[in-house]
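Colleague: This structure is in structure tokens; I'll ask about it shortly.
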Amino acid sequence: MIEFTNVSKKYANGVIGLHNINIQIESGEFLFVIGPSGAGKSSFLKMINCQEKATGGEIKVNGIEITRLSRFKIPKLRRQIGVVFQDFKLLKKMTVYQNVAFALEAIGLPKEEVRQKALDALTLVGLEGKLLFYPNQLSGGEQQRVAIARAIANNPDIIIADEPTGNLDPDNSIQIVNILKELNKQGKTVIMATHDHELIFGQDCRVVTIDHGTIFSDEVRGYYENN
Ligand code: ADP
Ligand code: ADP
């Protein structure tokens, strides 16, 4: 479970990223975080894996209070959280397979386990046929699927995706949402930020709207009945 209690984020330059956020996200939930650019969506997601530190309040992730976590304990937190970005962040000089395997090698897994986990993750996103392609030989949607494979390869229980469809056309965007929903069906907690209202119309999911650094609304089936 993820629990925010009165969480605020004030950046070094004085800008308020988040103001008094209270929210509980149960294990196994799928949640859209929606709001305009600058609303605080990225700030919110960055709190969860300590990419940015809260300046007020408390955040618990799987029972651990993380706002005062020592930097030695952050890697352990991050191993429970897969992260997907808008701009994919793939390594251009590595193949599809290497991009996923590299992340697993970096945490010290043995070679055979790396191979198995990388292949499983790439199969799950439908890219088992493109292992030796380089990122620039793939479509944007395929690149994002590699990034998702990398994020899930070591079986984290939480996936946070920050505007993962921001660089994709509508068809590829839906595909990415469907993959994230499939991962959620397999038991993962998935939190996806987007400013794209169209994309989430008709999705039977919890929708949290953030604006000016606060939670403006939090609805169990946010955009479902409106469709
Ligand atoms: P969103 O993801 O919804 O676009 P952000 O969380 O990126 O919103 O930004 C929320 C506010 O915090 C914005 O005003 C943004 O300019 C500001 N902000 C984000 N990151 C930083 C930073 N590192 N330093 C200063 N201000 C920041
Ligand atoms: P995102 O919305 O995904 O955070 P941005 O393009 O807003 O992406 O931010 C890129 C980087 O710049 C991030 O590290 C973010 O923290 C930082 N940043 C964003 N807004 C500001 C700001 N107003 N001042 C300083 N840094 C910022």
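Colleague: What ranking, highest mean first, results for peptides 84-93, 153-162, 136-145 when packing means the other Cβ atoms within 10 Å averaged over each residue?
Modeller: Numbers: 84-93: 16.0, 153-162: 20.8, 136-145: 18.2.
Ranking, from highest mean packing down: 153-162, 136-145, 84-93.
Colleague: Sticking with this one: Given Lys41/Lys188; Lys41/Lys89; Lys76/Lys117; Lys73/Lys93; Lys9/Lys46; Lys89/Lys130, which pairs have Cα atoms separated by over 22 Å? Please report the intermediate quantities before stating the final value.
Modeller: Working: Lys41/Lys188 20 Å; Lys41/Lys89 19 Å; Lys76/Lys117 19 Å; Lys73/Lys93 31 Å; Lys9/Lys46 10 Å; Lys89/Lys130 18 Å.
Too far apart for the 22 Å limit: Lys73/Lys93.
Colleague: Under a point-charge model restricted to the Cβ atoms of Lys and Arg (+1) and Asp and Glu (-1), what is the dipole moment magnitude of the range 55-150 relative to its Cα centre, in debye to the nearest 20? List each step's numbers first, then the result.
Modeller: Numbers: 16 positive and 9 negative charges, 68 e Å.
Dipole about the Cα centre, nearest 20: 320 debye.
Colleague: Which of rounded, prolate or oblate describes the range 4-77 when judged by the alpha-carbon gyration tensor and an a/c cut-off of 1.5?
Modeller: Numbers: a/c = 1.71, a/b = 1.12, b/c = 1.53.
Note, shape of the range 4-77 comes out oblate.
Colleague: Can you send over the carbon and sulfur percentage of the accessible area for the chain, probe radius 1.4 Å, protein chains only? Let's see the in-between values first.
Modeller: On the way: 5630 of 11260 Å².
The nonpolar share, carbon plus sulfur, comes to 50 percent.
Colleague: Between the range 1-74 and the range 96-153, what's the alpha-carbon centroid distance in Å?
Modeller: 28
Colleague: Solvent-accessible area per residue for the chain at a 1.4 Å probe radius, Å²?
Modeller: Numbers: 11260 Å² over 227 residues.
Accessible surface, normalised per residue, equals 50 Å².
The values are calculated or read from the model by the stated rules, or taken from the named source; none is laboratory data. This is a predicted model, so every value here is computed, not measured. Every residue, glycine as well, gets a Cβ built from its backbone with ideal geometry; the counts of neighbours run over all protein chains shown. Ligands, DNA and RNA are stripped out before the accessible areas are found, and what is left, the full protein with its side chains, is counted by its heavy atoms. Shrake-Rupley method; radii C 1.70, N 1.55, O 1.52, S 1.80 Å.
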